[in-house]
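The values are calculated or read from the model by the stated rules, or taken from the named source; none is laboratory data. Keep in mind that this is a model prediction, so the values were computed, not measured. Cβ atoms come from the backbone with ideal geometry, glycine included; neighbour counts cover every protein chain shown. The area values use the complete protein model at the heavy-atom level, side chains included, leaving out ligands, DNA and RNA. Shrake-Rupley method; radii C 1.70, N 1.55, O 1.52, S 1.80 Å.
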Amino acid sequence: MYAATRIKVFFVTLLLALLVVPAAFAQEDSGVSLTIYNQGTALVQDRRTFDLGTGLNTLDFTDVAASIDATSVNFKSLTDPEGTLVLEQNYIYDLVGSGALLERYLDETINITTQDGAQFSGQLLSGRGGEIILRQSDGQVIVAQLSQIRDLRFPALPDGLITRPTLRWLLNSAHAGAQQVELTYLAGGMNWAADYNVLLSTDNTSLDMTGWVTLTNTSGATFTDAQVKLVAGDVNRLPQPEQRGFYEDEVMLMAAPAADAGVAQRDFYEYQLYEINRLVTVADNETKQVEFVTAAGVPATTFYVYDGSVPFYGYYSPITDPGYGLTGITDVQNWLEFSTGDDAGLGADLPAGRIRVYQEDVDGAALLIGENRIDHTPKGEDVQIYLGNAFDLVGERKQTNFNILSRNLLEETYEIRIRNRKDSDTVQVRVPEHLFRWSNWEILNASHEYTQLDSSTIEFRADVPPGGETVITYTVRYSWPG
């Protein structure tokens with residue numbers, strides 16, 4: 001054991017709590033701006049004031065995001081851009097930790113205390129692989145598992161270790177005095193999404209909507225009183241390498257009061273930009289919500305779809321297998337539709353996000369009736385949301401005839417039955433049919449009128465009475481070059 005007068009001994013836990021790396025120059029925060037993209041990336045613009053001397057200066061910029069893309073860093077002096085020259089830039093991420101300390105203390109003497117109270121002192125031979133190997137003064141080698149060690153003691157903090165991710169510049173300044181500098185960089189671990197809560201009226205004819213911006217920060221840095229902008233759209237980015245120091249801790253939902261939530265929307269290039277009209281603190285490992293859109297009484301419709309045919313994947317060659325296209329699907333889907341236009345009362349662009357739909361029960365309690373995601377939807381477009389499958393509607397589709405008339409001609413007939421087990425409501429069900437066998441087709445006969453939706457799809461609409469059944473039949477002929 002070392003004498004107290006010669007070497008001061010610190011516990012690792014005490015080191016982590018108390019160590020502060022002195023900055024070369026005092027820095028004063030002047031403001032931070034975040035532009036967050038809904039693809040897991042943020043553009044950080046941080047302004048601070050430093051005291052610089054004439055000539056060479058080493059400047060440390062601390063508290064940057066641990067998930068920083070160091071290749072994206074841009075530094076400039078706002079006070080003296082002509083007289084301040086960047087000679088060198090470094091990103092330092094060798095943070096204080098037990099692993100870093102063990103790496104730095106190879107071949108040095110350290111002290112350990114195990115869980116059972118045994119104490120050992122010796123030269124550190126290895127600190128990797130979850131174990132510590134010491135050579136004692138008598139030549140014996142001790143191997144201890146890190147999981148069984150209670151205390152690690154090191155004589156002092158090695159040079160070069162820091163407590164926070166730091167950008168360090170070597171500058172040449174033409175003038176001495178305070179300078180405001182601006183740092184801009186891209187960082188991962190920050191994202192935002194839109195979350196929508198919809199209350200559908202009990203008669204399914206209108207809805208009330210509230211939209212929330214949900215910010216998530218796992219970048220390894222807290223941004224205090226930041227100006228926050230959100231970009232909605234698909235901005236092309238190259239694949240990014242794995243970032244060092246990226247944290248995956250549990251996040252905490254922090255909903256901002258609706259009364260403080262003013263969000264301005266405007267066009268920006270080919271995207272939509274949302275700016276929060278107040279300064280926001282975005283803490284590390286935090287999820288924060290801010291209300292950005294509300295609307296009441298938006299006209300809405302619900303409809304049913306029975307899609308029992310095989311999905312269409314494109315025409316590659318004629319399909320003559322009679323069993324192809326039989327799916328056995330019986331579910332009838334339930335959909336909600338509304339418009340984002342001014343005439344509908346919403347008049348808003350809706351960024352991509354999750355939408356939850358509720359409806360009040362007889363006792364006034366709102367119950368979840370469906371959840372889905374929407375893509376970026378500009379104002380004036382229709383939104384269709386699949387909510388789930390109707391419990392008391394059943395579809396049945398079967399092939400009743402299939403004939404290959406020649407080597408380049410065939411006909412087939414389908415029968416589609418829709419049953420309504422509701423007690424009192426007549427419903428209309430949309431029945432799309434995908435004509436998948438070949439691009440040249442002709443409907444020879446059909447029991448109901450139909451609409452051609454595209455080059456490979458027709459759609460029937462059938463009214464089905466309560467407790468009743470509606471049967472749709474049609475025959476299609478396919479032909480292709482011989």
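Scan region 206-221 for residues that are among the polar types (S, T, N, Q) and either touching a Ser or Thr at 6+ places or on another chain (Cβ under 7 Å) or assigned to a strand (DSSP E or B) (or both) and jot them down. Across region 206-221, the qualifying residues are Ser206, Thr210, Thr214, Thr216, Asn217, Ser219. How many residues are modelled with pLDDT of 50 or more, among the β-branched types (Val, Ile, Thr) and open to solvent by 40 Å² or more (accessible area, probe 1.4 Å) when one looks only at region 244-291? Qualifying residue count for the region: 1.
When restricted to residues that are touching a Lys or Arg at 6+ places or on another chain (Cβ under 8 Å), among the β-branched types (Val, Ile, Thr) and open to solvent by less than 30 Å² (accessible area, probe 1.4 Å), region 36-63 contains 3. Only residues that are surrounded by fewer than 17 Cβ atoms within 10 Å (Cβ to Cβ) and assigned to a strand (DSSP E or B) were counted in region 458-474, giving 6. Of the residues examined, Val394 is one that is over 15 Å from Ala295 (Cβ atoms) and surrounded by 13 or more Cβ atoms within 10 Å (Cβ to Cβ). Of all residues in region 368-377, those being over 17 Å from Phe303 (Cβ atoms), free of Cβ contacts under 8 Å to residues at least 40 places away in the same chain and not charged (D, E, K, R) number 2.
When region 324-344 is filtered for residues that are buried (at least 17 other Cβ atoms within 10 Å of the Cβ) and under 30 Å from the mean Cα position of the chain (by Cα), the ones remaining, listed by number, are Gln333, Asn334, Trp335, Leu336, Phe338, Ser339, Thr340, Ala344. Only one of the numbered conditions (1) closer than 30 Å to Arg477 by Cβ; (2) open to solvent by 30 Å² or more (accessible area, probe 1.4 Å); (3) in contact with a strand residue (DSSP E or B) (Cβ under 6 Å, 6 or more places away or on another chain); (4) not hydrophobic (A, V, I, L, M, F, W, C) is violated by Ser406, and that is (3).
Within region 60-77, the set of residues being aliphatic (A, V, I, L, M) and either in a strand (DSSP E or B) or closer than 19 Å to Leu170 by Cβ (or both) comprises Val64, Ile68, Ala70, Val73.
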